[in-house]
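Below: one structure, written as structure tokens.
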Amino acid sequence: MSYRPGHQPDHPQHHAPHQGRPQPPHRAPRPHPPHPKLAQPPRPAAAAAVEGSSYTIAHAGRQVRIGPVVFWIVVGTIVALGVWSAATATYFAFRDDVLTRLIARQAEMQYAYEDRIAELRAKVDRTTSRQLLDQEQFDQKLDQIMRRQSMLESRANALSTLPDVAVTGSIKGGRSPSADQAPAGPLKPSPINDTVIFVAPPDREARLESRTPATAPALPTTQYAKAQGVGTALSKLDQSLDQIERRQIAMLGSVEESFESRARRMRGVLTDLGLNARGLEASAPRGGIGGPFVPVKAPSSTASAFDRQLYRINLGRAQLDRLNRALSLVPYRKPVLGQVEFSSGFGVRTDPFLGRPAMHTGLDFRASTGDPVRATAVGKVVNAGWQGGYGQMVEIDHGNGLSTRYGHLSKIIAKVGQSIQIGQIIGEVGSTGRSTGPHLHYETRIDGEAVDPQKFLRAGVRLAGAG
């Protein structure tokens, strides 16, 4: 089979030995004049060019003429089939390697995803664990603050039981508003002015700033905690509780120091007066008290400093109460109202009637007729009536050899055997007996012997400055 472009024989030639070889050119036959009927128009140049570029395929004495388009389509198809065959052969040759790599790639991606998921899962677990730990720590901190707040409240309650005495261990400074003034209304059997009354007042709530819970912010459920954060709120609570605790400790220290100072001053006064403190405490009057004996337990070694200090204060308070009762029997107060003014002192003087030296066994207080005379200590009336130069006189026994006398009275109110309280009116100022004018003759005696009343009055002034 052979092909050649541009020539197609009019008739097939059968030359077996020369098949497939190029034919020698023929001489062009002599042109005959065209028949008029058979005359055709000349071919266009484009058609001649196409016919000249065609391909001839010869096989077994046959020739097939094909155009260039068909030829190139066939060539392209053959080339495509060849490429496809090569690609198919390559694929089948390297298919196992490609699949292995693809599987390895997929496995690597899967492992990477699993590792990422495991990492994220571990991160979530760590976050959850941290949150649980933070929540546990927050709960512990909150519980600790609540316990501490409860402890401070119990301490405040314990401090509120301490008496707010004005002089004997007061935690506030100041004197009684009626100290240097006489009452404007009718006279009442109240404690004497310008004196110190050592009677423990009823317990009342101490004015402690820690009693008001406003110093501690609300717990972390408030808007404050939400705005500032739980940690900040807990820190603020801790600082507030620290401040309250410091104030309580300072207040407790002040009360303890005041109690101890007052007790020392009281003992010093009794010692200076030459009185037996134990005897006075034993004979001091007591109200209706009682109950089973329950011994006081001292705080253990593991107790807090606050509890130990409070225990000492309670012991000091009990001792101060005993001294208060003992001092209620000591006549260190003024027997009349108003400013102290003596018309005659204790000791040797010129007798107003005889003009000779004589011993004056008391103090003469200037006063007007009818002014009330008040008892200077707790005791019992042992004499009430006319007693020679004393005129109308009242004598009160205070126990332990202590007694007081009130002479020249114009009127006697107390009766013999009557129990007298501090400041109770026992009579009125007058000028009976050996007297040159209205005044009060006041005596203090120890075991029947007259002593200077100013000694007791100065002790009262000293006790008054113990606040």
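The values are calculated or read from the model by the stated rules, or taken from the named source; none is laboratory data. Just so you know, these numbers come straight off a predicted model, no measurement behind them. With ideal geometry, Cβ positions are generated from the backbone for all residues, glycine too; neighbour counts draw on all protein chains shown.
Within the stretch 345-357, how many residues turn out to be in a strand (DSSP E or B) and in contact (Cβ under 8 Å) with a residue 40 or more places away in the chain?
Residues that pass the stated criteria total 1.
Which helices (runs of 4 or more DSSP H) does the stretch 206-315 wholly contain that include 3 or more residues that are at pLDDT 80 or above and within 30 Å of Phe138 (Cα to Cα)?
Result: 230-272.
Could you list all residues from the stretch 358-381 that are assigned to a strand (DSSP E or B), within 18 Å of Tyr332 (Cβ to Cβ) and out of contact with any Phe, Trp or Tyr (no Cβ under 8 Å at 6 or more places or on another chain)?
Arg374, Gly379
Filtering the stretch 293-329 down to residues that are of a type in the set (Lys, Arg) and under 30 Å from Lys380 (Cβ atoms), which residue is surrounded by the fewest Cβ atoms within 10 Å (Cβ to Cβ)?
Arg322
What pairs can you find where one residue is in the stretch 235-256 and under 16 Å from Arg308 (Cβ atoms), the other is of a type in the set (Ser, Thr, Tyr), and their Cβ atoms are less than 7 Å apart, with a gap of 6+ or different chains?
Note: pairs meeting the criteria are Gln248/Ser210.
Inspect the stretch 139-154 for any residue being exposed (fewer than 12 other Cβ atoms within 10 Å of the Cβ), at pLDDT below 85, in contact with a Phe, Trp or Tyr (Cβ under 9 Å, 6 or more places away or on another chain) and part of a helix (DSSP H, G or I) and give the result as yes or no.
no
Which one of Asp164, Asp115, Asp134 is surrounded by 12 or more Cβ atoms within 10 Å (Cβ to Cβ) and modelled with pLDDT of 70 or more?
Sole residue among the options that is surrounded by 12 or more Cβ atoms within 10 Å (Cβ to Cβ) and modelled with pLDDT of 70 or more: Asp134.
Considering only the stretch 324-344, how many residues are in contact with a strand residue (DSSP E or B) (Cβ under 6 Å, 6 or more places away or on another chain), part of a loop (DSSP other than H, G, I, E, B) and over 24 Å from Asp397 (Cα atoms)? Can you show your working first?
Residues of the stretch 324-344 in contact with a strand residue (DSSP E or B) (Cβ under 6 Å, 6 or more places away or on another chain): 329, 331, 335-336, 341-344.
Among the residues that remain, those that are also part of a loop (DSSP other than H, G, I, E, B) are: 329, 331, 335-336, 341.
Filter again for over 24 Å from Asp397 (Cα atoms), leaving 341.
Here the count works out to 1.
Only one of (1) in a helix (DSSP H, G or I); (2) at pLDDT below 90 is not met by Leu81, so which one is it?
(2)
Please note which strands (runs of 3 or more DSSP E) are completely contained in the stretch 425-467 and include at least 3 residues that are assigned by TED's automatic domain parsing to the domain that holds Arg405, surrounded by fewer than 19 Cβ atoms within 10 Å (Cβ to Cβ) and small (Gly, Ala, Ser).
By residue number, no strands (runs of 3 or more DSSP E) qualify.
Which one of these does Ala298 not meet: (1) of a type in the set (A, V, I, L, M, F, W, C); (2) touching a residue at least 60 places away in the same chain (Cβ under 8 Å); (3) farther than 30 Å from Gly433 by Cα?
(2)
Could you tell me how many of the residues in the stretch 329-342 are over 24 Å from Ile446 (Cβ atoms) and touching a Phe, Trp or Tyr at 6+ places or on another chain (Cβ under 8 Å)?
1
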